[in-house]
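The values are calculated or read from the model by the stated rules, or taken from the named source; none is laboratory data. Note that the coordinates shown come from a computational prediction; the quantities given were computed from them, not determined experimentally. In this analysis, Cβ positions are derived from the backbone assuming ideal geometry, glycine residues included, and neighbour counts consider all displayed protein chains.
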There are 2 protein chains.
Amino acid sequence: MFKINENYQKLPGSYLFSTIAKKVSAYTKANPEKEIIRLGIGDVTQPLAPAVIEAMHKAVDEMGNADSFRGYAPDLGYEFLRNAIAEHDYRSRGCDISPEEIFVSDGAKSDSANIQEIFGPDNRIAVCDPVYPVYVDSNVMAGRTGVYDAQAGTWSNVIYMPCTMENNFVPEFPKETPDLIYLCLPNNPTGTTITRTQLQEWVDYANQVGAVIIYDAAYEAYISEPEVAHSIYECQGAKTCAIELKSYSKNAGFTGVRLGYTVVPRELKCGEVSLNHMWARRHGTKFNGAPYIVQRAGEATYSPEGKAQLKEQVAYYMKNAAAIKNGLKEAGYTVFGGVNAPYIWLKTPEQMTSWEFFDYLLEKANVVGTPGAGFGPSGEGYFRLTAFGSYENTLAALERIKKL
Amino acid sequence: MFKINENYQKLPGSYLFSTIAKKVSAYTKANPEKEIIRLGIGDVTQPLAPAVIEAMHKAVDEMGNADSFRGYAPDLGYEFLRNAIAEHDYRSRGCDISPEEIFVSDGAKSDSANIQEIFGPDNRIAVCDPVYPVYVDSNVMAGRTGVYDAQAGTWSNVIYMPCTMENNFVPEFPKETPDLIYLCLPNNPTGTTITRTQLQEWVDYANQVGAVIIYDAAYEAYISEPEVAHSIYECQGAKTCAIELKSYSKNAGFTGVRLGYTVVPRELKCGEVSLNHMWARRHGTKFNGAPYIVQRAGEATYSPEGKAQLKEQVAYYMKNAAAIKNGLKEAGYTVFGGVNAPYIWLKTPEQMTSWEFFDYLLEKANVVGTPGAGFGPSGEGYFRLTAFGSYENTLAALERIKKL
């Protein structure tokens, strides 16, 4: 008789955003006349940039013509895209990353969930708390996290690094030594980040204790302050200890297009074993490339027109972020983030739990946000709003919140 | 210090098609004047059907407009596509499969590699020999296959079901009881298949011993004989023991577009645990949906125009298959397949090993095929040619082979 992966049974409840979707759906069904404004899930609303649309039409036409038709893509991604990434995202910033170290994928969610596979079952992971749920859940499924304490909302074999008002949302080196350290900077969900100097300390720490940093740079395009690193490879020694994940979802609005990449430097080794080779083997065996049309769309984000158009999109969302931050401050809220990231992290008022505040906001203002507790125990008492709505909806949501 | 997944070190050599690509690349470099004809990897050559191209252009335009822009897709796929699949691929054939049992993905390669994750580490897998390498390699990476015997080319903990001339390429029930049974029918690489009655025996066997059949139906569109099932759910009782994988790569030429789906019936359970729920949880946690544009492309394959155009494409490739089969027979080869599948499986001449025959064909005829031994020990002495080339190239390749 076949046996299931028992680790799945350990997962508490369902994935955060599925739960929110169900709650909103139930409310909408019961109150069909109410107009909901969604500032919850980190999904974009602006259409794709004209340069991207043009590139996709061209690629679609190529696929309709025998002479220019493309079948299976190269395992690691087309060279035209990997070269553009190496040039524009790395070399232009002084980071020595070559196309052979870049693996094109269908998005950073898949990569951040799959990357743990090349590590053994007995690695100890460290995560910020609050944290993007995929890092922990993918390790739960792999049996790496121990026993769940439903009361505390923590796993016995996970090292949590609390990020709260008290430490200015800067994670501290844990007391126990981790093997894999997940860092998302600028941070989802808190919208805060750390300086290049602080990141260098993490790189030094990882090299010293023999840990790998899994660095999720999905929100890099929103960085506005010069002292914040755009890539972990801006730090000395990062190539021997860090894997970087990138997404086109937030900088180019590709949430429904699906494109991302992962950098695994050649210098990153465990004894003689190259992690770059291991990840290449995983790609070759378990993945068949991102669509040609989508890779051409990715390439278009690096053209002069594409770059200019994306800059405008990011500016549009950051105008929302500033409006939310200032509006909430005026309304008396304590708020964080929104300067180097499209997320605003607020302290819930009057000691409400974050799910209480979720229900309160949904029912009284018809605004959907994300409860901080959904991201981990240290997220309790906080709440996330995203800047990804339209400007009009963002202002409308603020008016409703101010009236409460 | 972090630890790697040691199972990766057990994998012998590189993925079959990467090895072939390297061999061909080396030959081309040394002989730049030679014109290579590729009948090796199962990649299509005909452009996408006009109905698909039209649907993609329309979807690209939608993504460029704020009112019709789509962000994250629903976890399991858009309803428009899942409804079309349920209707056209199942209900029209009398199979009781609902949209809730269908999970849209970026292709059958990912699904066939990932599906093992929802099963425990101590399941015993059974595979046909020869076999599509991904089934075994994904289980090696998960540590389920035991020790590799390089001499025999087999894993100590895998049950092999030889499919050769001697048993007419029909797998027999194994002596040891398996937990997971991989069946690809019509078969890659042999191009052969079994009847609906024979498949029913496998379903009965799986239900009896408590095994799950992972049924890869990627080549279903090529079935020409009425006694061959298009879906395992045509068999009584399949919903309690079978997961079906489907691809748009071969019926619609989507190898570079990336779309597939997996059916996990609600009735498929381990005790009280629903495998449908487990796979939904995996999708929600580790995947973010296939691109909107690609899902619209998939929907277009079910329109009357789309269906008619795909039928023509399949007929085009099957004309190639018939030409290869008859041409090789005339040249004195012993050949199989090519009737319900786009693959021709031939016995290598003069006791050549299949890699010897690969080199011989590459060097003497500049034709690339796939050595049978790359698919498993019982593939030794056989060789695969695909019908996915252009008709002109297929005839040219045959002329070259006949001249040898």
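In table form, for the structure just shown:
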quantity	calculated
Matching residues in the range A:359-404 - criterion: being farther than 22 Å from A:LYS22 by Cα and polar (S, T, N, Q)	A:SER378, A:SER390, A:THR394
Condition check for A:ASN167: of a type in the set (S, T, N, Q), surrounded by 15 or more Cβ atoms within 10 Å (Cβ to Cβ) and more than 19 Å from A:THR370 (Cβ to Cβ)	no
Candidates B:TYR343, B:TYR360, B:TYR333, filtered to the one that is among the hydroxyl-bearing types (Ser, Thr, Tyr), over 24 Å from B:VAL170 (Cα atoms) and modelled with pLDDT of 95 or more	B:TYR360
Pair list, Cβ < 6 Å and 6+ apart or interchain, from the range A:250-265 residues that are in the same structural domain as A:TRP279 (by TED's automatic domain parsing) and at positive phi to residues that are surrounded by 24 or more Cβ atoms within 10 Å (Cβ to Cβ) and acidic (Asp, Glu)	A:ARG258/A:ASP106
Those residues of the range A:133-162 which are of a type in the set (Gly, Ala, Ser) and within 13 Å of another protein chain (Cβ to nearest Cβ), in sequence order	A:SER138, A:ALA142, A:GLY143
Number of positions in the range B:342-357 that are hydroxyl-bearing (Ser, Thr, Tyr) and assigned to a loop (DSSP other than H, G, I, E, B)	2
Close pairs from the range A:121-140: first within 16 Å of A:GLY372 (Cα to Cα), partner assigned to a loop (DSSP other than H, G, I, E, B) and among the small types (Gly, Ala, Ser), Cβ under 7 Å, at least 6 apart	A:ASP129/A:GLY376; A:PRO130/A:GLY376; A:VAL131/A:GLY376
Among the residues listed as B:ALA308, B:ALA331, the single one being surrounded by fewer than 20 Cβ atoms within 10 Å (Cβ to Cβ), in contact with a Lys or Arg (Cβ under 6 Å, 6 or more places away or on another chain) and among the hydrophobic types (A, V, I, L, M, F, W, C)	B:ALA331
Lone qualifier among A:GLY40, A:GLY107, A:GLY120 - being more than 21 Å from A:ALA297 (Cα to Cα), among the small types (Gly, Ala, Ser) and in the same structural domain as A:THR255 (by TED's automatic domain parsing)	A:GLY120
Selected residue [over 28 Å from the mean Cα position of the chain (by Cα), free of Cβ contacts under 8 Å to residues at least 60 places away in the same chain and more than 26 Å from B:PRO304 (Cβ to Cβ)] from B:ALA26, B:ALA66, B:ALA21	B:ALA66
Filter result (among the charged types (D, E, K, R) and either surrounded by 23 or more Cβ atoms within 10 Å (Cβ to Cβ) or over 16 Å from B:GLU234 (Cα atoms) (or both)) within the range B:90-119	B:GLU100, B:GLU101, B:ASP106, B:LYS109, B:ASP111, B:GLU117
All positions within the range A:20-53 that are within 13 Å of chain B (Cβ to nearest Cβ), more than 18 Å from A:SER390 (Cβ to Cβ) and modelled with pLDDT under 95	A:ILE20, A:ALA21, A:LYS22, A:SER25
Output for the range A:96-132, where each listed residue is over 28 Å from A:ASN288 (Cα atoms) and either of a type in the set (Gly, Ala, Ser) or away from chain B (no Cβ under 11 Å) (or both)	A:ALA126, A:VAL127, A:CYS128, A:ASP129, A:PRO130, A:VAL131
Residues of the range B:282-303 classified as facing chain A (nearest Cβ under 10 Å) and either in contact with a Leu (Cβ under 7 Å, 6 or more places away or on another chain) or of a type in the set (A, V, I, L, M, F, W, C) (or both), total	7
Considering residues of the range B:70-85 that are among the aliphatic types (A, V, I, L, M) and assigned to a helix (DSSP H, G or I) only, the residue nearest to A:TYR15 (Cα to Cα)	B:LEU81
Residues (within 30 Å of A:GLY120 (Cα to Cα) and over 20 Å from the mean Cα position of the chain (by Cα)) located in the range A:160-197	A:GLU172, A:PHE173, A:PRO174, A:LYS175, A:GLU176, A:THR177, A:PRO178, A:ASP179
Among residues of the range B:185-214, those that are under 23 Å from B:GLU267 (Cβ atoms), away from chain A (no Cβ under 14 Å) and out of contact with any Ser or Thr (no Cβ under 8 Å at 6 or more places or on another chain), counted	9
Those residues of the range B:358-404 which are among the charged types (D, E, K, R) and assigned to a loop (DSSP other than H, G, I, E, B), in sequence order	B:GLU380
Candidate set: the range A:78-95, residues that are among the charged types (D, E, K, R) and within 21 Å of A:ILE223 (Cα to Cα); chosen: the one nearest to the other protein chains (Cβ to nearest Cβ)	A:ASP89
From the options A:GLY153, A:GLY146, residue that is touching a strand residue (DSSP E or B) at 6+ places or on another chain (Cβ under 6 Å) and surrounded by fewer than 21 Cβ atoms within 10 Å (Cβ to Cβ)	A:GLY146
Some residue of the range B:227-244 being of a type in the set (A, V, I, L, M, F, W, C), buried (at least 24 other Cβ atoms within 10 Å of the Cβ) and within 20 Å of A:GLY107 (Cα to Cα)	no
Residue in the range B:381-398 that is without any contact (Cβ under 8 Å) to a residue 12 or more places away in the chain and assigned by TED's automatic domain parsing to the domain that holds B:ALA315 present	yes
Residue tally, condition surrounded by 22 or more Cβ atoms within 10 Å (Cβ to Cβ) and within 14 Å of chain A (Cβ to nearest Cβ), over the range B:170-184	4
